[in-house]
Amino acid sequence: MGVMAAEKKSFVLYHDIRVPLELLTDEQRGKLFVALLNYSEYGELPDFDGALLMAFAFIRTSLDRDAEAWAEKRAKRCLLYTSPSPRDRSLSR
């Protein structure tokens with residue numbers, strides 16, 4: 001999870017997690033939220049079992065997908081801004 005840990009400063013939670021979260025206690029939701037922060041920032045996997053593990057795994061899929069999409073967009077932007085433009089190439093002739 002290097003992309004998230006090294007460069008990304010945030011993550012998105014989607015409304016479709018509401019129903020699974022409603023099945024957890026407030027204490028479990030708090031533990032899950034801290035685990036999501038730790039995973040997103042440091043790549044740490046929590047030591048969960050049962051319902052918490054299932055909830056974490058469900059949300060982790062979205063976090064990983066979003067981080068991968070962000071990394072691809074970032075790479076394209078870096079390439080776009082570091083590559084010489086056709087205009088620059090014509091001026092150097």
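Please verify whether the range 5-13 includes one or more residues that are open to solvent by less than 80 Å² (accessible area, probe 1.4 Å) and among the polar types (S, T, N, Q).
Yes, that holds for at least one residue.
Within the range 24-62, take every residue that is among the acidic types (Asp, Glu) and at pLDDT 95 or above and give me the one that is most open to solvent (accessible area, probe 1.4 Å).
ASP47
What single numbered condition from (1) open to solvent by 90 Å² or more (accessible area, probe 1.4 Å); (2) touching a Lys or Arg at 6+ places or on another chain (Cβ under 8 Å); (3) of a type in the set (A, V, I, L, M, F, W, C) fails to hold for LEU21?
(1)
The values are calculated or read from the model by the stated rules, or taken from the named source; none is laboratory data. Given the structure is predicted, the values throughout are model-derived calculations rather than measurements. Virtual Cβ from ideal backbone geometry, glycine too; neighbours counted across all protein chains shown. Ligands, DNA and RNA are stripped out before the accessible areas are found, and what is left, the full protein with its side chains, is counted by its heavy atoms. Shrake-Rupley method; radii C 1.70, N 1.55, O 1.52, S 1.80 Å.
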